[in-house]
């Protein structure tokens, strides 16, 4: 499985051995409404955020907080290993999706040791992750979401969304995405944004056998999410 990379994405998934005999490619671009305002800071410092007088502040890019999944009757039999890099004061991508049963391997490429914990299940991830050292855990139940953080560094936070499919993509800054090796058939496309799934009609997709299928899902204005 190939995952399109977005802003600072260093997330990868190891594909199953060999491509399906009957597989297609899904290529698309998110139909995004006007960019929403930048959300408030997760943590408050000593000074309020102000505009930079010397350089234009980069506009907020919502696609860095989005994950696209395509679900069908095909269930992950041998879920891939998902690698997620810790790059200092943040994760390489704030949100990753993983098939149920997959092993999540966090690689600390910074020079700082961290004591990571999953807020929803403190027993899921235990111990210190040293510089250059990996830390792994396995997710089992689709539908669960785990917030990974360091209690001594609350600004360091990432989410793992557990899904019942191995067909996952991360849109780039323009919203483009691509998922390969999808067996021909009918699927539903879902979009995760920040803390939940977007509130939108389920998109039914027919993936062609050994061909390219184009689909441009529409993101609702205001980015409402399911509660």
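Quick note: the coordinates plus some simple rules give every number you see, no bench work behind them. No experiment lies behind these values; they were computed from the predicted model shown. Here Cβ is always computed from backbone atoms with ideal geometry, including for glycine, and neighbour counts include all displayed protein chains.
At-a-glance table
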quantity: For peptides 172-181, 105-114, sequence by mean Cβ density within 10 Å, most packed first; calculated: 172-181, 105-114
quantity: Considering only the range 67-152, percent of DSSP beta bridges that pair antiparallel, nearest 5; calculated: 70 percent
quantity: Three principal axis lengths of the range 133-227 [C-alpha, angstrom, descending]; calculated: 49, 34, 26
